[in-house]
Amino acid sequence: MRVEQLLEPAPIETRPLRSAEVAEPVPGAGELVLDVAACGVCRTDLQLVEGDLAVRRLPIVPGHQVVGRVSAVGAQVEDWEIGARAGIGWLAGTCGRCVFCRSGRENLCPDARFTGWDRDGGYAERVLVRADFALALPDDLDDLEVAPLLCGGIIGYRALKVSDVAPGGRLGLFGFGASALLAIQVAVHWECEVFVVTRSETDRRRALRLGAAWAGSYDDHLPAALDAAVTFAPVGDVVVAALRALDRGGVVAVNAIHLDRIPEFPYEPLWLERQIRSVANSTREDAAEFLRLAREIPIRTVADPYPFTQANVALLRLREGDVDGAAVLTT
Ligand SMILES: [Zn+2]
Ligand SMILES: [Zn+2]
């Protein structure tokens, strides 16, 4: 089968992903093979390919927003059948025994494995997945619509939970990429008053169309103090900007696996029980809750499709900010 694999991280303009023909995957006990239909492109893929996120294995096939159909079922798999539609997200497996796994925090499992980082992902014709980590997908969203939900959507949803925003609360979204586009739809559904801060005029208009109460740039003063904020940009200065916009007791949830740094700042903006919390991965429960909501709201996504052999091009366009909506690779 054909895959797009990373042999060595390098700047995306050097086309670090290479097409390769590799052996067909064979499911072990408890595993499935999916025929990939679509795979969303995530900023984490770009960080991995360019070396901002340290590689864990080489070569590696990136891609952790996979939608496909089950084409082979390993031994001891009971709840999946050939032909069923399934998804794969970032969390590829956990130990199931540690204190985190046993307390509903499998996203923090020290032995967690990740799709497209530890295990080959969906920039491929077929992919292996642990059956107990494959996601059941809502029928009424098509492959291209559901793929971008599987990382950006689920983790954006977890970030909203980590931010502790209450229904009707004042929420700030700092940065307005693919994940924020989905999170705002959940927040508006919860009747939050949403304030969006982004450099891009186009994104500010898009935010207002999606129901934001206010949209401005980093130089603007927010019209009200926030109960909660989520930062999406991988930049520490943005975290501090969000913190300064919080009301007493507010939380900034940092939705980034990689951040350049946290700059030094005075204690005063953190005082009065304000908090900064990172958002790490997500649990299967987050995925199930979010996919239910996605169907109920319903969440709208705009996919920008590329053939999967054009993964380098899709990643380059993502870095340049040229992607309209969410880049999705198709087979
Ligand atoms: Zn991702
Ligand atoms: Zn564990």
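Things to note:
- Column: log10 I(q)/I(0), Debye, Cα scatterers of the chain, q = 0.07, 0.09 Å⁻¹: -0.27, -0.45
- Amide hydrogen proximity for Q65: with H placed 1.01 Å from N in the peptide plane, the residues at 5 or more positions away or on another chain lying under 5 Å are G40, G122.
- Shape summary of segment 153-278, radius of gyration then Dmax from alpha carbon positions: 12.9, 36 Å.
- Residue-averaged [θ]222 nm for the chain, counting only DSSP H segments that reach four residues, each worth -39500 (n - 2.57): -6500 deg cm²/dmol
- Amide H contacts under 5 Å for S278, placed H, 5+ residues apart: V254
- Per-residue Karplus couplings for segment 140-155, computed as 6.51 cos²θ - 1.76 cosθ + 1.60 with θ equal to phi - 60°, are listed in order as 7, 10, 7, 4, 5, 6, 7, 3, x, 6, 7, 10, x, x, 5, 6 Hz, Gly and Pro entered as x.
- P(r) weight above 14 Å for segment 212-270, C-alpha pairs, percent: 56
- Percent RCO, i.e. relative contact order, over segment 153-278, from Cα pairs under 8 Å lying at least 6 residues apart: 24
- Gyration tensor (alpha-carbon) shape descriptor, segment 50-89, a/c threshold 1.5: prolate
- Look at where the Cα atoms of segment 145-207 and of segment 261-331 average out, and the two centres are 9 Å apart.
- Average Cα contact separation per residue, the chain, under 8 Å, 6 or more apart, as relative contact order %: 19
- Values of log10 I(q)/I(0) for segment 1-132 across q = 0.20, 0.21 Å⁻¹ run -1.17, -1.24, by the Debye formula with one identical scatterer at each alpha carbon and no solvent.
- Percent of alpha-carbon pairs separated by more than 21 Å within segment 78-148: 33
- Extreme residue, positive dipole direction of the chain, given options P11, A72, P263 (C-beta unit charges): P263
- Phi-derived couplings, Karplus 6.51 cos²θ - 1.76 cosθ + 1.60 at θ = phi - 60°, listed residue by residue for segment 283-288: 9, 5, 5, 4, 4, 5 Hz, with x used for Gly and Pro.
No value in this document is a laboratory result; all are computed from the given coordinates. Because the structure is a prediction, the values reported are computed rather than measured. Here the Cβ is made from the backbone with ideal geometry for all residues, glycine too, and neighbour counts use every protein chain on show.
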